[in-house]
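Encoded as structure tokens, the structure appears first; notes follow it.
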Amino acid sequence: MTYGKVIAVANQKGGVGKTTTSVNLSAGLSLRKKKVLLIDFDPQGDSAKALGYIEANRMKQTISNAMLEMIVSDECDLRSCIITTAEGFDLIPANEKLANIEATLSNVDQKETVLKDVLETVKGDYDFIIIDCKPSLGMLTINALNSADSVIIPSQAEFLSANGTYQLLNRIQKIKEDKNPNLKVEGILVTMVDERTSLGKAIKGQIQNQYGKVFKVFSHSIPRRVTIAESSAAGKSVMSYAPKCDGAKAYQELAREVDLCAKREINKHKDTEPR
């Protein structure tokens with residue numbers, strides 16, 4: 001039985017590990033025998049590039065095509081955009097055409113829910129749909145958050161990144177009130193932690209102290225490791241590139257936490273269903 005759970009990986013600050021987390025979470029869930037679809041939702045196309053698809057701008061079928069179809073005709077063929085990766089999960093790539101879609105959305109009725117309508121066409125085919133969001137709080141990210149059941153917020157163990165997390169949490173609350181009342185924070189993921197520095201440890205502690213009483217902060221943070229950067233350059237997940245390194249183990253632990261949370265939600269739903 002599929003979950004059909006949609007998780008947005010979002011933070012308006014760039015360079016905090018959104019794409020790395022999206023790719024490696026998808027790979028980790030796939031290793032757990034889950035059926036996963038990764039949506040590259042950034043015009044830079046970094047998720048596709050991190051998986052070895054370096055000619056994203058030449059791809060004829062991307063998330064842009066599906067969204068344009070939905071805008072024009074209220075239906076789309078999203079399956080024609082799907083690539084099955086060597087990592088065992090599916091990918092829908094993005095390229096610079098997505099920036100044109102973002103501009104087009106400003107003139108569209110129900111502009112905040114176009115992606116949600118697109119994903120409904122395949123939601124039942126997957127256990128998890130992961131959306132790698134653009135580093136902004138613009139219309140693409142708003143579409144992603146309106147489509148999602150939950151949000152993972154990568155937050156680098158630096159002051160400015162931790163401060164940006166607060167702004168995103170405010171936007172999530174507004175979207176809950178306006179369009180998506182069931183949206184929740186899956187967790188804050190502390191990334192690029194350098195355990196050798198006192199500052200890294202202090203910021204990690206600050207994030208836990210500031211948000212941990214209200215939102216989940218994932219128990220395992222992601223260490224700053226050369227192997228993680230190298231894996232993206234090689235077009236692989238870190239689990240494929242260096243499966244025994246502590247970065248791979250950290251992302252496997254994240255996948256385990258996300259999977260167990262989804263199972264608990266399903267069981268809770270079953271318990272509340274009328275008999």
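If I filter the stretch 77-95 down to residues being assigned to a loop (DSSP other than H, G, I, E, B) and without any contact (Cβ under 8 Å) to a residue 60 or more places away in the chain, which single residue comes out as farthest from residue 51 (Cα to Cα)?
Filtering the stretch 77-95 for residues assigned to a loop (DSSP other than H, G, I, E, B) gives 77, 82, 85-89, 93-95.
Next cut, without any contact (Cβ under 8 Å) to a residue 60 or more places away in the chain only: 77, 82, 85, 93-95.
On the way: 77: 23, 82: 14, 85: 8, 93: 10, 94: 13, 95: 14 Å.
Among them, the one singled out is 77.
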Hits in the stretch 171-185 - residues which are surrounded by 12 or more Cβ atoms within 10 Å (Cβ to Cβ), assigned to a loop (DSSP other than H, G, I, E, B) and either of a type outside the set (A, V, I, L, M) or more than 19 Å from the chain's Cα centre (by Cα) (or both): 179, 180
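To keep it simple, each residue is scored yes or no on (1) surrounded by fewer than 21 Cβ atoms within 10 Å (Cβ to Cβ); (2) farther than 24 Å from residue 168 by Cα.
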site: 213; (1), (2): yes, no
site: 222; (1), (2): no, no
site: 229; (1), (2): yes, yes
site: 234; (1), (2): yes, yes
site: 246; (1), (2): yes, yes
site: 251; (1), (2): no, no
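Kindly indicate the residue of the stretch 127-153 that is part of a loop (DSSP other than H, G, I, E, B) and over 18 Å from residue 67 (Cβ atoms) and also modelled with the lowest pLDDT among those meeting that condition.
Step one: list which residues in the stretch 127-153 are part of a loop (DSSP other than H, G, I, E, B), which gives 127, 134-138, 148-149.
Checking which are over 18 Å from residue 67 (Cβ atoms) leaves us with 127, 135, 137, 149.
Details: 127: 97, 135: 93, 137: 89, 149: 97.
Result: 137.
Could you look through the stretch 38-61, keep only residues that are in a loop (DSSP other than H, G, I, E, B) and in contact with a helix residue (DSSP H, G or I) (Cβ under 6 Å, 6 or more places away or on another chain), and pick out the one that is surrounded by the most Cβ atoms within 10 Å (Cβ to Cβ)?
Within the stretch 38-61, the subset in a loop (DSSP other than H, G, I, E, B) is 42-45, 51-55, 59-61.
With the extra rule that they be in contact with a helix residue (DSSP H, G or I) (Cβ under 6 Å, 6 or more places away or on another chain), the set shrinks to 43, 45, 61.
On the way: 43: 21, 45: 26, 61: 16.
Once the filter is applied, the top-ranked residue is 45.
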Only one of (1) over 21 Å from the mean Cα position of the chain (by Cα); (2) in a strand (DSSP E or B) does not apply to residue 190, and that is (1)
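Checking the condition among the acidic types (Asp, Glu) and within 30 Å of residue 193 (Cα to Cα), which residue from 77, 90 passes? Spell out how you get there, then give the answer.
Values: 77 fails: within 30 Å of residue 193 (Cα to Cα).
Criteria check complete, one pass: 90.
Matching residues to (1) modelled with pLDDT of 95 or more; (2) not acidic (Asp, Glu):
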residue	(1), (2)
190	no, yes
213	no, yes
220	no, yes
237	yes, yes
248	yes, yes
259	yes, no
265	no, no
275	no, yes
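Can you find, within the stretch 100-133, the residue that is surrounded by the most Cβ atoms within 10 Å (Cβ to Cβ) among those that are of a type in the set (A, V, I, L, M, F, W, C) and more than 17 Å from residue 81 (Cβ to Cβ)? Before the answer, list the steps.
Residues of the stretch 100-133 of a type in the set (A, V, I, L, M, F, W, C): 101, 103, 105, 108, 114-115, 118-119, 122, 128-131, 133.
Among the residues that remain, those that are also more than 17 Å from residue 81 (Cβ to Cβ) are: 103, 105, 108, 128, 133.
Numbers: 103: 9, 105: 20, 108: 16, 128: 26, 133: 29.
Ranking the candidates gives 133 first.
The values are calculated or read from the model by the stated rules, or taken from the named source; none is laboratory data. These numbers come from a predicted model, not from an experiment. Positions of Cβ are backbone-derived with ideal geometry, glycine not excepted, and every protein chain shown enters the neighbour counts.
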